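To start, the structure under review is shown below, and the notes come after it.
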Amino acid sequence: MFTFGKKISFRPLIIALIFLLVVGSPIAGAFGMWGWAAGIGVFIVVVCVYYPGVLELEFNYIEITDYEIKYYDFRSWWKRVLMVFMGPMTPLKSIDLDEIVSARTIGQEKGEKMPVGMAIPASNFIGAFAGAVSTIQKLYWIEIELENGKKIKLSLAHDKAYNTEKTVKKAKLAVEWILADKKKEDH
């Protein structure tokens, strides 16, 4: 079995709530209810705009077993917004290995590990965004093609940001694993 990425947590929701309090509370002291309205506005922007845009980069858990591949379905913006609220209760979508026609890795294989200083951020604000920035710079996927012609890209960028060499090797082994299942069927 192979696993990649990180399962979604309630961290995005907690950060959005912190933004609501940090923005809403001081402004509410000066302007009353308008302060809380501003805080709620910031909460909505964080939950409905920021996190749906970066969720796939930060929380892209993939599990490859003998029979199936499980992953988060990031296809629609609405599903991503729901993921912020569902956290670890977000269901994984699964594909039977029998449905897969081909698999390959895509992306730049070279890269450097994320610096240790980035793993221990100077402030919580920087820490909330440092992982996403490093991950964006190290995009890497396993692309699978299904019998119906549909292609699905499974992002490995999170793992690659922290350990490029190990992730690339593990991804190639996972692709070989998926394709080996196809070779067994052909014989």
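Which residues, counting only those in the stretch 91-107, are touching a strand residue (DSSP E or B) at 6+ places or on another chain (Cβ under 7 Å) and in contact (Cβ under 8 Å) with a residue 60 or more places away in the chain?
Result: Leu97, Ile100, Val101, Ser102, Ala103, Arg104, Thr105.
Which number in (1) surrounded by fewer than 19 Cβ atoms within 10 Å (Cβ to Cβ); (2) of a type outside the set (Lys, Arg); (3) not in a strand (DSSP E or B) marks the one condition that Ser94 misses?
(3)
Can you say whether Lys160 is touching a Lys or Arg at 6+ places or on another chain (Cβ under 8 Å) and modelled with pLDDT of 90 or more, as far as the supplied structure shows?
No.
What number of residues in the stretch 1-45 are in contact with a strand residue (DSSP E or B) (Cβ under 8 Å, 6 or more places away or on another chain) and either assigned to a helix (DSSP H, G or I) or loosely packed, with under 13 Cβ neighbours inside 10 Å (or both)?
Adding up the residues that qualify gives 1.
Hey, among the residues in the stretch 138-155 that are of a type outside the set (D, E, K, R) and part of a strand (DSSP E or B), which one's farthest from Ile106 (Cα to Cα)?
Ranking the qualifying residues of the stretch 138-155, first place goes to Leu146.
Here are the criteria: (1) charged (D, E, K, R); (2) assigned to a helix (DSSP H, G or I); (3) surrounded by 15 or more Cβ atoms within 10 Å (Cβ to Cβ). Tell me which single one Glu63 does not satisfy.
So Glu63 meets the others, but not (2).
Tell me which residues, restricted to the stretch 66-90, are loosely packed, with under 13 Cβ neighbours inside 10 Å and free of Cβ contacts under 8 Å to residues at least 24 places away in the same chain.
Arg75, Ser76, Trp78, Leu82, Met89
The values are calculated or read from the model by the stated rules, or taken from the named source; none is laboratory data. Remember, it's a predicted structure, so these values are computed and weren't measured experimentally. Reconstructed Cβ throughout: ideal geometry from the backbone, glycine too, with neighbour counts over all protein chains shown.
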